[in-house]
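All remarks here apply to the structure that follows.
The values are calculated or read from the model by the stated rules, or taken from the named source; none is laboratory data. Worth saying up front: this structure is predicted, and the values here are computed from it rather than measured. When we count neighbours, we look across all protein chains shown, and the Cβ atoms used for this are built from the backbone with ideal geometry, even at glycine. These accessible areas exclude ligands, DNA and RNA; they are computed on the full protein's heavy atoms, side chains included. Shrake-Rupley method; radii C 1.70, N 1.55, O 1.52, S 1.80 Å.
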Amino acid sequence: MPAAIGQELVALLPRLRRFALVLCRSQPLADDLVQGACERALANADSWSPGTKFDAWMFRILRNYWIDHLRRMRTEGMAEDLSQQTQLVGDPGEGPILSRLVLSEVQRAIDHLPQEQREVLLLVCAEDLSYRETAEILGVPIGTVMSRLARARKRLMELTAAA
């Protein structure tokens, strides 16, 4: 079974990294989170039931790993200043610049959402998981997922309409 999980993990890595970036908003930390979640998954491969959604299982492991990281940081303190992340590369031409401005505005709006709403928005809208799968990953009722998603969408509309 570990070989099958390894293949599934490799295919899921880009999605896991995207989710990790939403959680922590730091590329190096996101990579560390994905690596740690993968290590946990491989170490606990026997806890995954074949026939169930592997991606939902991995998203839950990643989110729990993130929560553990936050708990550690409360006692140790943060080591990285996120405001110093300037990794955008310039691209000549008006089209790409305007696209980046729009994306930047949307990213800022998403960043202003509460963590719970960002998580639901990514899992449902970007990862195309069902409300039920999202509820299982986050450990909340489906109604809570629907409510958080509705509030996130409404707030995004408000924040981006003013721009």
(message) Could you check segment 16-45 and list, in sequence order, the residues that are among the small types (Gly, Ala, Ser) and crowded, with 19+ Cβ neighbours inside 10 Å?
(response) 20, 30, 37, 41
(message) Exactly one condition in (1) of a type outside the set (D, E, K, R); (2) touching a Pro at 6+ places or on another chain (Cβ under 7 Å); (3) loosely packed, with under 14 Cβ neighbours inside 10 Å is false for residue 135; which is it?
(response) (3)
(request) Identify all residues within segment 144-163 that are over 29 Å from residue 102 (Cα atoms) and open to solvent by 50 Å² or more (accessible area, probe 1.4 Å); write none if there are none. (result) none
(message) residue 60 - would you say it is basic (Lys, Arg), farther than 17 Å from residue 137 by Cα and part of a helix (DSSP H, G or I)?
(response) no
